[in-house]
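Q: Shown below is the structure under consideration.
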Amino acid sequence: MARKYLFSPIGNTDSIKYLYDGSMIHICRYYQPDVVYLYLSKEMMENHKKDDRYVKTLELLGEFLHHKFEIHIIENSDMIDVQQYDIFYNEFHRIIAEIEEQKDSEDILLVNMASGTPAMKSALLVMATLSEYRFLPIQVSTPQKKSNLEHEERDEYDVDANWELNMDNEETAENRCQEVKCLNLMRLLKIDMIKKHLLAYDYHAALAVGKEIKEDLSPVAYQWLETADARSLLDWTRMNRVLPENNGIITAVRGENEKKVLFEYMLALDLKVKRGEYADFIRAITPLGVDLLEIVLEQSCDIDITRYYKRNNQRIWDKNRLVGEILDILNQKFYPFRYGPVYSAHLLEIIQKKCTDTLMVQRIQELVNIEQNVRNVAAHNIVSVTPEWIKERTGKSVDDIFWILKYVCEQVKINTRKENWNSYDSMNKRIIDELDKD
């Protein structure tokens, strides 16, 4: 069962003043925390040692409510200059961190924002605004609905008499607690960071920041961040598991749907270009190129080239099955043909001989030339692959290369709607819209 903790600085109006609860007692009355941490400066500690007013009043309240308070006194006898904000910020930061270590994840930490000096209150307000720790800030209004009187000389404090005369013990007493709705600055900053990562197509970084504020995000917004990360990594199992239903942008990707897989792979290549990962882009063309050429052979040449592969789904030529016209074509170019792995250059030779679509043949030739001119260099050498480097070796810009890939995809019906090429941008917009709703 969840427990409630209260951290409360102690000020001049605690425990009871002017016939009404001070803030600490009032919060305990209405929230009934299980564990109470009282922070006492040197002056408040002197009161505590003199008459034990804070603990005794809490015990009287516990008897009144039939509730047991576990009380801890945090003493700082060195705290004499109680107006130094920065000292309290560091002090309270440390104390609340220690309380957090004792709490379970479902426990609630309440913080009294009304007691103590202005510096104490300011320090807690900054902590609540930055949301460094998850706690519920509570303000308590004065019975007079205006500021309490300034500190005055007081007579001896009588704990029992103050309790007996306390107007807040009446059944008609008003609950003056208010939960403070602080501007969560840290959350806003981190959401802005997530948006920047999305616009840079860095989905892993966006999810990493999202994990830090998961409890502050809607379930749908967090689902989208997980979806985007899995999608960019081509992790279909994870993406399908977290994908928001009926979202209108992405559908589940199944391995048996080859064209859907290839289209997502194309979009992943586009991400590499957008992120400036040109070496990865060049290296990733090879596996896509072979897939595309196989589909071109099937659709434009009516040749199921996989009939000539080994049967265990490997792209390896089978000596027993590769016979007849296809072997003759390969021998003309690669005599004697040595079998082994299937390369795009092999498939290009077949397309050139069997495909009647001259424009398609030209595009496939350009694609294979690009692969042969730069892929091996980028894959096996330490080089700086830049758009200029690619243009120098292929005669084509990165955009030209991607356009060729898109052309082939559209011709073999891997994608039939041009707006689908902007799928990641549409996804980004949806995620940002969800973040803005929170």
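The values are calculated or read from the model by the stated rules, or taken from the named source; none is laboratory data. The shown structure was predicted, so the numbers you read here are calculated from the model rather than taken from an experiment. Neighbour counts are summed over all protein chains in view; Cβ atoms, including those assigned to glycine, are modelled from backbone coordinates with ideal geometry. All accessible areas refer to the heavy atoms of the entire protein, side chains included, with ligands and DNA or RNA removed. Shrake-Rupley method; radii C 1.70, N 1.55, O 1.52, S 1.80 Å.
Q: Any residue in region 248-269 that's in contact (Cβ under 8 Å) with a residue 12 or more places away in the chain and among the basic types (Lys, Arg): show its pairings with residues that are part of a helix (DSSP H, G or I) and open to solvent by less than 20 Å² (accessible area, probe 1.4 Å) at Cβ separation under 9 Å, as long as the two are six or more apart or on different chains.
A: Final answer for the pair search is Lys259/Ile295; Lys259/Cys409.
Q: Still on this structure: Every residue in region 388-438 that is hydroxyl-bearing (Ser, Thr, Tyr) and either touching a Lys or Arg at 6+ places or on another chain (Cβ under 7 Å) or open to solvent by 20 Å² or more (accessible area, probe 1.4 Å) (or both), please.
A: Thr394, Ser397, Tyr407, Thr416, Ser426
Q: For the structure I just gave you, tell me whether Lys406 is of a type in the set (D, E, K, R), touching a helix residue (DSSP H, G or I) at 6+ places or on another chain (Cβ under 8 Å), at pLDDT 90 or above and under 19 Å from Arg275 (Cα atoms).
A: yes
Q: When region 427-438 is examined, which residues are found to be touching a helix residue (DSSP H, G or I) at 6+ places or on another chain (Cβ under 8 Å) and assigned to a helix (DSSP H, G or I)?
A: Answer for region 427-438, where residues must be touching a helix residue (DSSP H, G or I) at 6+ places or on another chain (Cβ under 8 Å) and assigned to a helix (DSSP H, G or I): Met427, Asn428, Arg430, Ile431, Ile432, Glu434, Leu435, Lys437.
Q: Please specify each residue of region 409-419 satisfying the condition of being at pLDDT below 90 and in a helix (DSSP H, G or I).
A: Lys418, Glu419
Q: Go through region 300-320 and give me each residue that's over 25 Å from Ile414 (Cβ atoms) and open to solvent by 60 Å² or more (accessible area, probe 1.4 Å).
A: Passing the criteria: Lys310, Arg311, Asn312, Lys319, Asn320.
Q: Restricting to region 25-60, name every residue that is part of a loop (DSSP other than H, G, I, E, B) and under 46 Å from the mean Cα position of the chain (by Cα).
A: Matches in region 25-60: Gln32, Pro33, Asp34, Ser41.
Q: Which ones in region 333-363 are within 19 Å of Trp317 (Cβ to Cβ), out of contact with any Phe, Trp or Tyr (no Cβ under 9 Å at 6 or more places or on another chain) and surrounded by 18 or more Cβ atoms within 10 Å (Cβ to Cβ)?
A: Once the filter is applied, which keeps residues that are within 19 Å of Trp317 (Cβ to Cβ), out of contact with any Phe, Trp or Tyr (no Cβ under 9 Å at 6 or more places or on another chain) and surrounded by 18 or more Cβ atoms within 10 Å (Cβ to Cβ), region 333-363 yields Tyr343, Ser344, Leu347, Leu348, Ile350, Ile351.
Q: Just one of the numbered conditions (1) at positive phi; (2) at pLDDT 95 or above is not true of Gly395; which one?
A: For Gly395, the exception is condition (2).
Q: For region 156-170, enumerate the residues that are at pLDDT below 90 and surrounded by fewer than 10 Cβ atoms within 10 Å (Cβ to Cβ).
A: The one that is at pLDDT below 90 and surrounded by fewer than 10 Cβ atoms within 10 Å (Cβ to Cβ): Glu156.
Q: Taking into account only those residues within region 277-321 that are in a helix (DSSP H, G or I) and of a type in the set (S, T, N, Q), which is modelled with the lowest pLDDT?
A: Thr286
Q: To continue, here is another question. Yes or no: region 15-24 includes at least one residue that is under 13 Å from Ala114 (Cβ atoms), within 41 Å of the chain's Cα centre (by Cα) and assigned to a helix (DSSP H, G or I).
A: Yes, the conditions are met somewhere in region 15-24.
Q: Any idea which of (1) over 16 Å from Ile305 (Cβ atoms); (2) part of a helix (DSSP H, G or I) is the one Lys333 doesn't satisfy?
A: (1)
Q: Also, I was wondering about something else. Would you confirm whether any residue within region 84-96 is modelled with pLDDT under 90 and outside any helix (DSSP H, G or I)?
A: yes
Q: Does Lys190 count as open to solvent by 40 Å² or more (accessible area, probe 1.4 Å), in contact (Cβ under 8 Å) with a residue 60 or more places away in the chain and under 12 Å from the mean Cα position of the chain (by Cα)?
A: No; evaluated as a whole, the condition is false for this residue.
Q: Take region 336-353 and flag every residue that is of a type outside the set (A, V, I, L, M) and outside any helix (DSSP H, G or I).
A: Result: Pro336, Phe337, Arg338, Tyr339, Gly340, Pro341, Tyr343.
Q: Something else about it: So Asp104 ticks every box in (1) at pLDDT below 90; (2) crowded, with 16+ Cβ neighbours inside 10 Å but one. Which box is left unticked?
A: Checking Asp104 against (1) at pLDDT below 90; (2) crowded, with 16+ Cβ neighbours inside 10 Å, the one that fails is (2).
Q: Are any of the residues in region 231-242 surrounded by fewer than 19 Cβ atoms within 10 Å (Cβ to Cβ), part of a loop (DSSP other than H, G, I, E, B), more than 19 Å from the chain's Cα centre (by Cα) and not polar (S, T, N, Q)?
A: No, every residue in region 231-242 fails to be surrounded by fewer than 19 Cβ atoms within 10 Å (Cβ to Cβ), part of a loop (DSSP other than H, G, I, E, B), more than 19 Å from the chain's Cα centre (by Cα) and not polar (S, T, N, Q).
Q: Of everything in region 129-155 that's more than 16 Å from Gly22 (Cβ to Cβ) and at pLDDT 80 or above, which residue is surrounded by the fewest Cβ atoms within 10 Å (Cβ to Cβ)?
A: Of everything passing the filter in region 129-155, Leu136 is surrounded by the fewest Cβ atoms within 10 Å (Cβ to Cβ).
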